[in-house]
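Asker: Below you will find the structure I want to go over with you.
The values are calculated or read from the model by the stated rules, or taken from the named source; none is laboratory data. What you see is a predicted model, and the numbers here were worked out from it, not measured in a lab. We place every Cβ from the backbone using ideal geometry, glycine too, and count neighbours over all the protein chains shown. Calculation scope for accessible area: heavy atoms of the full protein, side chains included, ligands and nucleic acids excluded. Shrake-Rupley method; radii C 1.70, N 1.55, O 1.52, S 1.80 Å.
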Amino acid sequence: MIPIHWYLTLSAMLFVVGVLGFFLKRNIIALLLSIEIMLNAVNLTFVAFSSALGEVGGQVFVFFTMVVAAAEAAVGLALVISIYRNRETLNIDRANLLKW
Amino acid sequence: MIEYLTSVTFVVLMAKVAVIFGGLMGSLAYMTLLERKVMAAVQMRPGPNRVGPLGLLQPLADGIKFLFKEDIIPANSSVLLYVLAPVISLIPAFMCFAVIPFGPELQITDLNVGVLFIFAMTSVGVYGIVLGGWASNSKYPLMGGLRASAQMISYELSLTLSVVGVLMITNTLSLQEIVTAQAGTWFGFIPRWNIVLQPLAFIIFFISILAETNRTPFDMAEAEQELVAGWHTEYSSMKFAMFFLAEYANMVTGSAMASILFLGGWNGPMFGPEWLQIWVLPTAWFLAKVFFFMFLFMLIRATLPRIRYDQLMAFGWKVLLPLALANVVITSLVVALT
Amino acid sequence: MIVETLFFLFGAIALGGAINVVVQRQVLYSALSLIVMLASISGLFVLLRAEMLAMVQIIVYTGAIMVLFVFVIMLLNVNDDDDNTDTLRWPKFIGIPGVLFLLAMLSSSMWQVRIDPSLSAVDTGSAEAIGISLFTDYLLPFEATSVLILIAIVGALVLAKRDL
């Protein structure tokens, strides 16, 4: 049997890699990919706890998280397409018209 | 661990894997010959009959030809993706056979989410086409690749929904249990197959499998007359052969799924001694049904014209998807009320 | 012993894939590494006896969401990160130690989790268990997610139209 701490540490490391990617990348699509990494790390935590506690609610919540991730990816990519049409670039630093 | 690797169950498992994989590879090679012969028969010409008696050594000659062709890699393309794309297409196509029951004892593993496993593998197979089109660094493959993969993901929806009706009746996702639930007959002569209970779902499933495997009439994305050869224009020798094999393996998987889900799998009239009834007859019935569907695929290719791409997508989204949803609703009403 | 080996294998692939997403300059390779990571997380789900969720992860995440990402990357064909790295000085100096601190805090709190091992005997991973729970206890969130998907479809169509 694998102790649950191993899964939790792995998902903490994945989450941190996702946060790092979100800080360091300038391409909008790469930012969306880092968000997906963070969501998956959280999913792994939920499933690890659900398996250890014998509660099915954790896995049901993972379902909902996947649905939300799909919806967010669809709308986010639609935004990316319209940003690209207006600015010819996907660098997020160029989309700073509202900056003070 | 060593005692598991040398135990009887492991050896039997490896034997099953060897038999199924070997049989699959051999039958895929001869499927190409069968396709050419069937199309030739429909068009009233002999087909390949030079190489060996009745052309039976033709796949061998084709294999040798593929091995000896020059291996071209286009300039300015990503070599890693270009080489990896046929592999990504081929591996999920073969992995589907890990859960298909060829008989009551002849299944490599009976996952309790077997149906979902097969859908997962077909979803991953889309990437081989997308990456193959992109990595060729040329406009015809890119357009062909994007069109073919858009077609595949659109028809996956109606494919999955058409199976939901069967799942509601049988209450299980395991393929072996779906087959055993279709044993027996009503009134002594109508077999208890799911096609009798779900005819609309069967039609939707069959059309969606034609579209999923990019076969005529839905093969606009790889047709010779339209986009040169679609996403595998730039591929040569063994990589092209791998795409080819992956397409035929997907066809066999689709036929196997159609016969398991709707036509009763390895069920059929059983007679004779015990060993015949467990090892030989079920497999024979199953293979007969699979070959019936493969023959139907080839016959349809020889007779029907191609559908234009926008008609294809409109058909998938506007006709098949609402019909599949209606089938799910009606089936759930009937199951809930009885 | 097999289970520990598989855990380390899948965990290493997941972590390697995630780090590769961040490290790669071309965004298509990042997307492909993310696909590898999603597949290995599905393997970890199978090790946690959540097989239905593992298959759903492959079908939904790698088979649909990532296909959408890959399509958009190929259609827009902008593959290189614009090099504007002078805006990255502060994020790099403060961000990297910051996330390492976050990792230390998370892991130290994770290591103090104590769970009664007899609770894990219940089978929660099968489609039946999830289905029963989803359609009885969690029916309202289930219907709410269907409305959410409808909103997302309409929103994506409107935002990506060329001329409204």
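Asker: What is the average number of partner chain Cβ atoms found within 10 Å of a Cβ in B:145-154?
Answerer: Going residue by residue through B:145-154 and averaging, the value is 2.
Asker: For C:M105 and C:A121 in the same chain, what is the full-extension length gain: residue separation times 0.36 nm, less their Cα-Cα distance, in nm?
Answerer: Once the chain is fully extended between C:M105 and C:A121, it gains 2.7 nm.
Asker: Another question, then. When N counts the residues of chain B, how does its alpha-carbon radius of gyration compare numerically with 2.2 N^0.38 Å, as a ratio?
Answerer: 1.03
Asker: Using a Gaussian network for chain A with springs between C-alpha atoms less than 10 Å apart, which of these wobbles most: A:V56, A:V19, A:V47?
Answerer: With Cα springs under 10 Å in chain A, the top fluctuation among A:V56, A:V19, A:V47 is at A:V56.
Asker: Okay, next question. At 10 °C and a viscosity of 1.306 mPa s, what translational diffusion coefficient does Stokes-Einstein give for chain A, taking Rh as the Kirkwood radius over Cα pairs? Give it in µm²/s as a whole number.
Answerer: 104 µm²/s
Asker: As I understand it, the dipole of the protein assembly as shown uses +1 on the Cβ of Lys and Arg and -1 on the Cβ of Asp and Glu, about the Cα centre. Which of C:V154, C:L38, C:P141 lies farthest toward its positive end?
Answerer: Checking the options against the dipole of the protein assembly as shown, the answer is C:V154.
Asker: Hey, got the Cα dimensions of the stretch B:1-110 along the principal axes, in Å, largest first?
Answerer: On the principal axes, the stretch B:1-110 reaches 55, 43, 21 Å in Cα extent.
Asker: Continuing with this model, one more query. With each label point set 7 Å from Cα along the Cα-Cβ vector, what nm distance links B:A40 and C:L139?
Answerer: The two pseudo-label positions are separated by 6.2 nm.
Asker: Under 16 Å from a label point 7 Å along Cα→Cβ of C:V154: give me every residue in the stretch A:62-92 with its amide N that close.
Answerer: A:75
Asker: Going by the alpha-carbon gyration tensor, a ≥ b ≥ c the square roots of its eigenvalues, is the stretch B:273-331 rounded (a/c under 1.5) or, if a/c is not under 1.5, prolate (a/b greater than b/c) versus oblate?
Answerer: oblate
Asker: While we're here: Would you mind checking the tilt of helix B:321-337 against the longest principal axis of the Cα atoms of chain B, expressed as 0 to 90 degrees and rounded to 10?
Answerer: With rounding to tens, the tilt is 10 degrees.
Asker: Measure off 7 Å from each Cα along the Cα-to-Cβ vector at A:V68 and C:R49, then give the distance between these two points in nanometres to one decimal.
Answerer: Modelled inter-label distance: 2.8 nm.
Asker: Given a 10 angstrom Cα cut-off, can you work out which residue in B:G264, B:G316, B:G47 is the most mobile in a GNM of chain B?
Answerer: Among B:G264, B:G316, B:G47, the largest mean-square fluctuation in the Gaussian network model of chain B belongs to B:G47.
Asker: At q = 0.06, 0.07, 0.09, 0.13 Å⁻¹, what base-10 log of I(q)/I(0) does the Debye formula yield for the protein assembly as shown when every alpha carbon is treated as an equal point scatterer in vacuo?
Answerer: Summing over Cα pairs of the protein assembly as shown leads to -0.34, -0.47, -0.79, -1.62.
Asker: Continuing with the same structure: What order do you get for B:130-143, A:1-14 when each peptide is scored by the mean count of other beta carbon atoms within 10 Å, highest first?
Answerer: By packing density, highest mean first, the sequence is B:130-143, A:1-14.
Asker: Okay, next question. Across the residues of B:124-136, average count of Cβ atoms on other protein chains within 10 Å?
Answerer: 3
Asker: Same structure, new question: Pairs of lysines 8 or more apart, or on different chains, with alpha carbons under 25 Å: count those in the protein assembly as shown, would you?
Answerer: Lysine pairs meeting the criterion: 14.
Asker: In square angstrom, what is the accessible area per residue of the stretch B:255-327 with a 1.4 angstrom probe?
Answerer: Using a 1.4 Å probe on heavy atoms only, each residue of the stretch B:255-327 averages 48 Å².
Asker: Using r as the Cβ-Cβ distance of B:I64 and B:F292, and R0 as 41 Å, what FRET efficiency do you calculate, to the nearest 0.05?
Answerer: For B:I64 and B:F292, the calculated efficiency is 0.85.
Asker: Run the Debye formula on the Cα coordinates of chain C, all scatterers equal and no solvent, and tell me log10 I(q)/I(0) at q = 0.13, 0.18 1/Å.
Answerer: Evaluating at q = 0.13, 0.18 Å⁻¹ gives log10 I(q)/I(0) of -1.02, -1.37.
Asker: Keeping every protein chain present and rolling a 1.4 Å probe, give me the accessible area per residue for the stretch B:49-115 in Å².
Answerer: It amounts to 53 Å² per residue over the stretch B:49-115.
Asker: So, one more: When Rg is the radius of gyration of the Cα atoms in the stretch B:185-338 and Rh is its Kirkwood radius, what does Rg/Rh come to?
Answerer: So for the stretch B:185-338, dividing Rg by the Kirkwood Rh gives 1.05.
Asker: Could you size up the charge dipole of chain B around its Cα centre, putting +1 on the beta carbon of Lys and Arg and -1 on that of Asp and Glu, and report it in debye to the nearest 20?
Answerer: Once rounded to the nearest 20, the dipole reads 700 debye.
Asker: So for each of B:98-104, B:171-177, B:253-259, B:328-334 I average, over its residues, the number of other beta carbons within 10 Å; can you give me the resulting order with the highest mean first?
Answerer: Final packing ranking: B:253-259, B:98-104, B:171-177, B:328-334.
Asker: Whenever you get a sec, compute what percent of the accessible area on the protein assembly as shown sits on carbon and sulfur atoms (1.4 Å probe).
Answerer: Carbon-and-sulfur percentage of accessible area, whole number: 72.
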